[in-house]
Structures are given as structure tokens and as C-alpha cells.
Amino acid sequence: MRIVFVVVMAVALCGPVSLGAFGDEGALNPAEPKGVTSDEIIQRFAAKEKEFKTALDQYGYRQTVKVQTVDGDTPDGEYQQVFDVSFDDQGKKVKNVVFAPQSTLQRIMMTEQDIDDIENRLPFVLTSDEIGEYSILYVGQQQEDDLHCYVFDIAPKKIEGKKRYFQGRIWVDDKDYQIVKTYGKSVPDITRKRGNENLFPKFTTYREQVVDGPYWFPVYTRADDTLHFSTGDVKIREIVKYTNYKKFGSNVKITYDGKDVEKGDPTKNTPPQQPQK
């Protein structure tokens, strides 16, 4: 049994997903945009992404995860996890694992970097605070189902310490100026002494307008790639699904006589009458 260490981007699979917003992909048209420069598009979508990131921080959601190693076409190991991201009484985000069967992975292991990639690289957001860290190249326009998109290739200008980055391609809707699709991988790959290797697969993440409001939320990530370790190749399949987006609201608890009282019921919110003497 060969054990290798790999940063596999955790993935989620839990039932069907709507593919309406990411169906047919048209041919890439390298023509320059009309009526707006590529630099202006970058500034617009980066500003919108900053707005979206602020909005996203106000939402809880469920994320399901499945990672498989594949021998030919047959899975020979699997990791699963389902967790809810919600808020505590102080409004801080908390993670609650609701399903986590014993992993049967043998040829790879999940590492601590997986969690960082799940939360930050798969649902990739590129804001005006971060565009200075990336080289961004306009490559053309492309139809994604019923969306007309501007397409950009991006890569980190330099790697700072242990910081993780996204490298690949993004699609920006020409109406909302938001990222609606990403394709690429987390960088850098990590190699350590004694043959330990953390390699990262290429993945695609799709967004949809799944909640009220103008923003495009990540809904589905998939990867089907072969990782080339020094000890041999490992084929993996991954899917991530994001569901049940719910906006955080204040959760006030009412107590009476040391017991919780349900809100919205006037009979329960009113203290009991004392008997007349």
C-alpha cells in the first residue's frame, strides 16, 4: 500500500445540481471589448467582487465534500464530509460537521492545506484589495450558456511565504461584472524532504444567482485530474457543492424565570398572572 501526501481540494457531492448557468461554452473570441477597456473591466469586477465578499460573509451555507482516488474507472478510496457554516450568538462564523464517515483513502491523505483551499481557493474571489497581487491578462470574450463573458488569465506576481494563490482563468459576466466561472489550480505545489509531496489538481468552479440580490454565489466545483507524484501517478475525482445559503440575522434569546421563551407567541412572552389575594 503506497502512501503519499497530497493537498487534495476537498469536494462536495450531495444530490443533483442545476447546470443552467454553466451549460454550453462558445468559441473564444479574442476581439477587444467595445465601449470599455480591459483595465476598466478589471477595476469594475474587482470592485463588485469586494462587495460580494462582504455580502458572502453574511451568509451561512452547507458544503458537501467527496474526494475519490480512481484506478482506471473504478474508485479505490473515498473521503466524504458534510458541514454547515453558520453563526454563533456573537455573529462569528462557525463550522459544524454533520456527516463524516471513515475515510478509505489509501494512496493520498487530506492535509491541513485542504481546509484552506476549500474555503478560499475553490470558491475563488478576486477583490480590489487583491488584484495588485496578480498579473491579469485579457484573452477575449466567450459565451457561457446565456451569459456573455470577458475572459482573463491570472497568475500571482510572486509567491509570498506560505501564502496560497489561485492560478488559471476567470469568466466575468458583461452585465453584472462579476466572476461567474473559474478554472485553474491552487499554487504553489509543495514538496518537502523525505519525499512528501502536496500536489494540487486543476478544478472548475461555477456560480449562480441562487439567493435574492445581485450576487453570483459559488454552487459547484469539480476536478478530474491526474497528480504526477515522483512515486507514480494518482488519478482523483472531486466535487464540491454549496447549498442552503441563508443570510445571517440577529438571534435574540428571551428568558423568563430561567427558561427560554419562544419569540412570536405573546402568551409565552407575557409573565404568568399572580393569583389575586
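The values are calculated or read from the model by the stated rules, or taken from the named source; none is laboratory data. Here the structure is a predicted model, which means the values were calculated and not measured. Here Cβ is always computed from backbone atoms with ideal geometry, including for glycine, and neighbour counts include all displayed protein chains. The protein model used for the area step is the full one, side chains on, heavy atoms only, and it has no ligands, DNA or RNA in it. Shrake-Rupley method; radii C 1.70, N 1.55, O 1.52, S 1.80 Å.
Taking the radius of gyration and the Kirkwood hydrodynamic radius from Cα positions alone, what is the Rg/Rh ratio for the stretch 95-165, to two decimal places?
Values: Rg = 17.2 Å, Rh = 15.8 Å.
My calculation puts Rg/Rh at 1.09.
Note down the nm distance, to one decimal, between modelled labels 7 Å out along Cα→Cβ at Val98 and at Leu137.
4.3 nm
At what distance in nm do the modelled label points of Lys247 and Thr231 sit from each other, each positioned 7 Å from its Cα along Cα→Cβ?
It works out to 5.0 nm between the two label points.
Show me the ranking of peptides 216-224, 94-102, 184-192 by mean Cβ neighbours inside 10 Å, starting with the highest.
216-224, 184-192, 94-102
Roughly speaking, what is the centre-to-centre gap between the stretch 28-44 and the stretch 125-204 when only Cα atoms are used, to the nearest Å?
Each part reduced to its Cα centre gives a spacing of 18 Å.
Please work out how much accessible surface Arg169 shows to a 1.4 Å probe, ignoring ligands, DNA and RNA, in Å² rounded to 10.
My reading of the accessible area for Arg169 is about 70 Å².
Can you work out the PRE-style zone for Lys162? Point 7 Å along Cα to Cβ, and I want the residues of the stretch 93-125 with backbone N under 14 Å.
111-117
Please list 3J(HN,Hα) in residue order for the stretch 200-207, calculated via the Karplus relation 6.51 cos²θ - 1.76 cosθ + 1.60 where θ = phi - 60°; whole Hz, with x for glycine and proline.
Running phi through 6.51 cos²θ - 1.76 cosθ + 1.60 with θ = phi - 60° gives 10, x, 6, 9, 10, 10, 10, 10 Hz.
Report the semi-axes of the equivalent ellipsoid for the stretch 69-120 in whole Å, largest first, where each axis is √(5λ) for an eigenvalue λ of the Cα gyration tensor.
The three semi-axes for the stretch 69-120 are 29, 12, 8 Å.
Once the whole set of protein chains is in place, how much accessible area is left on Lys66, using a 1.4 Å probe, in Å² to the nearest 10?
Near enough 40 Å² of accessible area.
Return, for the Cα atoms of the stretch 22-104, the radius of gyration and Dmax in Å, separated by a comma.
20.5, 55
Got a number for carbon plus sulfur as a percent of the stretch 15-137's accessible area, 1.4 Å probe? Please list the in-between numbers first.
Working: 3200 of 6700 Å².
C and S fraction of accessible area: 48 percent.
Using only the alpha carbons, work out the radius of gyration and Dmax of the stretch 22-63 in angstrom.
Here Rg and the maximum Cα pair distance are 15.3, 40 Å.
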